[in-house]
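Notes to accompany the following structure.
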């Protein structure tokens, strides 16, 4: 589905950071980690204060008028031509792939297309624009990875997370069955079709725990709260973390888990 | 018919309880999981060594090209088939199509009809229609035959009896046809062969579907493994093919590419055992083949889909079933839960046009939009985008692009609409958003532990004590 | 208005306006030109896993090959066409080591039950084969009617090695199918099979249980 060829920009001096509403409210640590990773690469991070939500929940629920109004309020937040980095495949996919659809037949269409073209998912940006080299300071660990469907299929980033993890010398990536299968989040789907979503997340948690890892990392907060929430409620030995938090913890100044 | 567990118009309204029942049925879960796992891996292997993206691009272009000339191609097909001696009929809907088939049968004083696999005939509910008029309609595809014995409908468009395991089928055949109980698939298959051969010899009419209709040569292509398609279209004196109007392509060259995609996508086969290419009835000097061949072109909502540039993509479908094989929802609930002729992702984007969005209101939302369907579709139908479009249609959610599908807006409720309006106001007013989220974070201990369906399976996500906005503000000050 | 006119009218006057037809690039179907030996190898590689039985025989001595296979199978009645090869060759051979030959020379209605119940095997020619998919091209004719390759439990087909095409795409082009198709044309790629019972493969569900291809070299 990543049907356009991606041309990565040269590494810039500055980027816009679009934190996403889930990170803002539930996982600010992951947002901070992402910002710190970028800053360590020598990039100045600009956080537009008026950012709220990309509009995706309303878009996928069919409330396109509402999605458009929210997205319209966000379009003007990126006046300079710096890349816009997003610590989420889902929100990144919304902005990169669906803004042009959302603003079809509106005066904002050219602006939406221009903004969409500058949107990068953060792990993709670190790997392919910053060419980041991670130095693992943590102790040996085995983790499993869940790449969100939007990162995997909308943005074509199936290999990005694993390649970043592979840079960490002490980290072993655990193999799981059906890594490409959805965890069952899907936004409002998890509530509207609770039984189906519940059956999906149960199998995803099983696949992840069967991998032998007790920790999994993921690119997306929706998957994270879905999978971790199921594991916690059902007392499964599985902890989740946003991949950015994990990368920062193992390579930052004071890595956790180091001896 | 009281035991029927397949599609009837009201079943689709019962999507939630039907899905739940399937999820709680370990046999269904096991049967589908193992079948879908096998099909996914077969498909993957079948395309190894191919430039799959280029092939899918070609598949998409072939279907788009055919649709772009659809009325011309249909007229060309009709002219060519007529020249070849095939009689062409047109039906606005399933009822009309049934009537046409019945008229042909009655003109021949037919009492028994043998059928090859045809999803359009399922759409028409043809078997019940004929049986109600004292014409026996017997399915000959082994899967369809099993499903018919059980008074069910197909649970998969390619593998109709995939919801049943060998034990269940053995029991069913024992009860209905008197074969010995056995877990030997060879034996069960041989028994069905015996029973059905009698029927082929006695049948007055054979009815089949069509995979591709070629306008240039007036050729109906039928793709199958069992040989029942050949039997159906060769042994009885009269053959009636039924198909949707979208199945026509300009040339045989188009068929080569679609065939390469169809069988590999469907079952991971390089090709099926038989590819039938039927261009006319038996000629006077020929010794076998049907004396009469008819083609019934069925619209049934398709020309409505055709009007809209985005929805049009739905009509590219070549009915391979790969979208359902790869769908995590279909894998959990199986085909019958949908209560529709076509289950799975293709059913979710096609059935609303056939039955109306009011009837099918639960289908477009029954997807996590994971995109697995679109990723494997051999003709690149953007299924997730179409699901989003139908969700918009369900709630009349876009004033700029008004809804047009029959039954649109049937899912719009004042309460939900108000909730989204409120959501929109908060998120389009950044200051209000910051104030509200800061306040919520501050009092995060008061957040409810139960959040409806979410917390039936999971703990509630916990609000951080400070938002990212606040953390950055503090850091930078 | 008739259903036909109503449907065509809606299609012709679509509210979205005229559609443009995209270009189709068939180059992805092209394959390198394989030698005859390579085509034979690929043909076998494709058809044998789906239970197609292949024998390579000298073109001038295929009857020996056939006689041996039929003797092994214990075939008693072999159905052949009513004119032309391979039926004529067999009839003229007058050999004692062949099964009784039945000739398909009457309309099916007059002997359907016999065909279904008495014939052990049939022998037909082919119009060539497809190496990539292991397929036989059959265009049944007045001399070799359609049911010959469908009803008997064993179908034996003669395939000339020099009539193997690389792909279906090539065969259709080389044989110029678009100039006109017969009433019935077929690709046959193995014996009849089904996986409708719990995805377990079983052969011979409606058509032949065995397909034997004699490649004549």
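The values are calculated or read from the model by the stated rules, or taken from the named source; none is laboratory data. This is a predicted model, so every value here is computed, not measured. We place every Cβ from the backbone using ideal geometry, glycine too, and count neighbours over all the protein chains shown.
May I ask you to list the residues in segment C:195-211 that are buried (at least 22 other Cβ atoms within 10 Å of the Cβ), part of a strand (DSSP E or B) and under 18 Å from the mean Cα position of the chain (by Cα)?
C:211
What tally of residues in segment A:22-37 results from selecting those that are touching a residue at least 24 places away in the same chain (Cβ under 8 Å) and touching a strand residue (DSSP E or B) at 6+ places or on another chain (Cβ under 6 Å)?
2
Can you go through C:185, C:157 and tell me which one is modelled with pLDDT of 95 or more, closer than 18 Å to residue B:253 by Cα and touching a strand residue (DSSP E or B) at 6+ places or on another chain (Cβ under 6 Å)? It would help to see each step written out before you state the result.
Numbers: C:157 fails: closer than 18 Å to residue B:253 by Cα.
Just a single option satisfies the conditions, and that option is C:185.
Working only within segment B:250-297, note down all residues that are more than 9 Å from chain C (Cβ to nearest Cβ), more than 18 Å from residue B:317 (Cα to Cα) and in contact (Cβ under 8 Å) with a residue 60 or more places away in the chain.
Within segment B:250-297, B:290, B:292, B:294, B:295, B:296 qualify.
Assess whether residue C:104 counts as being touching a residue at least 12 places away in the same chain (Cβ under 8 Å), closer than 17 Å to residue C:189 by Cα and within 13 Å of chain B (Cβ to nearest Cβ). Show your work before the answer.
Values: touching a residue at least 12 places away in the same chain (Cβ under 8 Å): yes; closer than 17 Å to residue C:189 by Cα: no; within 13 Å of chain B (Cβ to nearest Cβ): yes.
No; evaluated as a whole, the condition is false for this residue.
Any idea which of B:117, B:109 is part of a loop (DSSP other than H, G, I, E, B) and in contact with a strand residue (DSSP E or B) (Cβ under 8 Å, 6 or more places away or on another chain)?
Going through B:117, B:109 in turn, just one is part of a loop (DSSP other than H, G, I, E, B) and in contact with a strand residue (DSSP E or B) (Cβ under 8 Å, 6 or more places away or on another chain): B:117.
From A:203, A:256, which residue is at pLDDT below 95 and either buried (at least 18 other Cβ atoms within 10 Å of the Cβ) or assigned to a loop (DSSP other than H, G, I, E, B) (or both)?
After applying the criteria, what remains is A:256.
Any residue in segment B:419-436 that is within 25 Å of residue A:73 (Cα to Cα), surrounded by 15 or more Cβ atoms within 10 Å (Cβ to Cβ) and touching a residue at least 12 places away in the same chain (Cβ under 8 Å)?
yes
Filter segment A:172-185 down to residues that are within 7 Å of another protein chain (Cβ to nearest Cβ) and not in a loop (DSSP other than H, G, I, E, B), then give me how many there are. So that I can check it myself, show each step before the final result.
Narrowing segment A:172-185 to residues within 7 Å of another protein chain (Cβ to nearest Cβ): A:181-182, A:184-185.
Within this subset, residues satisfying the condition of being not in a loop (DSSP other than H, G, I, E, B) are none.
The qualifying residues number 0.
With respect to the numbered conditions (1) modelled with pLDDT of 95 or more; (2) at the interface with chain A (Cβ under 7 Å from one of its Cβ atoms); (3) assigned to a loop (DSSP other than H, G, I, E, B), which one is the sole condition not fulfilled by residue B:461?
Failed condition: (1).
Taking helices (runs of 4 or more DSSP H) that fall entirely within segment B:322-418, which contain at least 1 residues that are under 17 Å from the mean Cα position of the chain (by Cα) and within 11 Å of chain A (Cβ to nearest Cβ)?
The qualifying helices (runs of 4 or more DSSP H) are B:328-333, B:372-376, B:383-394.
Within segment C:58-78, does at least one residue satisfy the condition of being surrounded by 12 or more Cβ atoms within 10 Å (Cβ to Cβ) and assigned to a loop (DSSP other than H, G, I, E, B)? Spell out the reasoning first.
Initial filter on segment C:58-78 (surrounded by 12 or more Cβ atoms within 10 Å (Cβ to Cβ)): C:59, C:62-71, C:73, C:75-78.
Going one step further and asking which of them are assigned to a loop (DSSP other than H, G, I, E, B), we end up with C:75-76.
So far as segment C:58-78 goes, yes, one or more of its residues are surrounded by 12 or more Cβ atoms within 10 Å (Cβ to Cβ) and assigned to a loop (DSSP other than H, G, I, E, B).
Could you tell me whether any residue of segment C:123-136 is in a helix (DSSP H, G or I), facing chain B (nearest Cβ under 8 Å), more than 30 Å from residue B:147 (Cβ to Cβ) and in contact with a strand residue (DSSP E or B) (Cβ under 8 Å, 6 or more places away or on another chain)?
no
Scanning segment A:222-253 for residues that are in contact with a strand residue (DSSP E or B) (Cβ under 6 Å, 6 or more places away or on another chain) and in a strand (DSSP E or B), which turns out surrounded by the most Cβ atoms within 10 Å (Cβ to Cβ)?
Per the criteria, the residue is A:240.
Residue A:188 - would you say it is surrounded by fewer than 24 Cβ atoms within 10 Å (Cβ to Cβ) and either at the interface with chain B (Cβ under 8 Å from one of its Cβ atoms) or in contact with a helix residue (DSSP H, G or I) (Cβ under 8 Å, 6 or more places away or on another chain) (or both)?
So residue A:188 fits the description; yes.
I need a count of the residues in segment A:155-171 that are within 14 Å of another protein chain (Cβ to nearest Cβ) and more than 20 Å from residue A:226 (Cα to Cα).
The qualifying residues number 3.
Could you list, in sequence order, the residues of segment C:176-190 that are outside any strand (DSSP E or B) and either within 7 Å of chain B (Cβ to nearest Cβ) or within 16 Å of residue B:80 (Cβ to Cβ) (or both)?
Residues satisfying the conditions are C:177, C:178, C:179, C:180, C:181, C:182, C:183, C:189, C:190.
Going through B:70, B:81 one at a time, which residue ends up being crowded, with 19+ Cβ neighbours inside 10 Å, at pLDDT 95 or above, more than 22 Å from the chain's Cα centre (by Cα) and in the same structural domain as residue B:272 (by TED's automatic domain parsing)?
Of B:70, B:81, the one residue that is crowded, with 19+ Cβ neighbours inside 10 Å, at pLDDT 95 or above, more than 22 Å from the chain's Cα centre (by Cα) and in the same structural domain as residue B:272 (by TED's automatic domain parsing) is B:81.
Of all residues in segment B:194-210, which are within 29 Å of residue B:34 (Cα to Cα) and surrounded by fewer than 23 Cβ atoms within 10 Å (Cβ to Cβ)?
Passing the criteria: none in range.
For residue B:255, are the conditions met, namely being on the phi < 0 side of the Ramachandran plot, surrounded by 24 or more Cβ atoms within 10 Å (Cβ to Cβ), in contact with a helix residue (DSSP H, G or I) (Cβ under 8 Å, 6 or more places away or on another chain) and in the same structural domain as residue B:213 (by TED's automatic domain parsing)? First the steps, then the outcome.
Working: on the phi < 0 side of the Ramachandran plot: yes; surrounded by 24 or more Cβ atoms within 10 Å (Cβ to Cβ): yes; in contact with a helix residue (DSSP H, G or I) (Cβ under 8 Å, 6 or more places away or on another chain): no; in the same structural domain as residue B:213 (by TED's automatic domain parsing): yes.
Considered against the rule, which asks whether it is on the phi < 0 side of the Ramachandran plot, surrounded by 24 or more Cβ atoms within 10 Å (Cβ to Cβ), in contact with a helix residue (DSSP H, G or I) (Cβ under 8 Å, 6 or more places away or on another chain) and in the same structural domain as residue B:213 (by TED's automatic domain parsing), residue B:255 comes out as no.
For segment B:40-54, how many residues meet the condition of being within 23 Å of the chain's Cα centre (by Cα) and not in a helix (DSSP H, G or I)?
Count: 1.
Tally time: how many residues in segment A:76-100 are buried (at least 19 other Cβ atoms within 10 Å of the Cβ) and in a helix (DSSP H, G or I)?
The qualifying residues number 11.
Would it be correct to say that residue C:157 is within 11 Å of chain B (Cβ to nearest Cβ) and either within 11 Å of the chain's Cα centre (by Cα) or buried (at least 24 other Cβ atoms within 10 Å of the Cβ) (or both)? Lay out the reasoning, then the answer.
Working: within 11 Å of chain B (Cβ to nearest Cβ): no; either within 11 Å of the chain's Cα centre (by Cα) or buried (at least 24 other Cβ atoms within 10 Å of the Cβ) (or both): yes.
No, not satisfied.
Residues of segment A:1-21 being crowded, with 24+ Cβ neighbours inside 10 Å and within 8 Å of chain B (Cβ to nearest Cβ), which ones?
A:19
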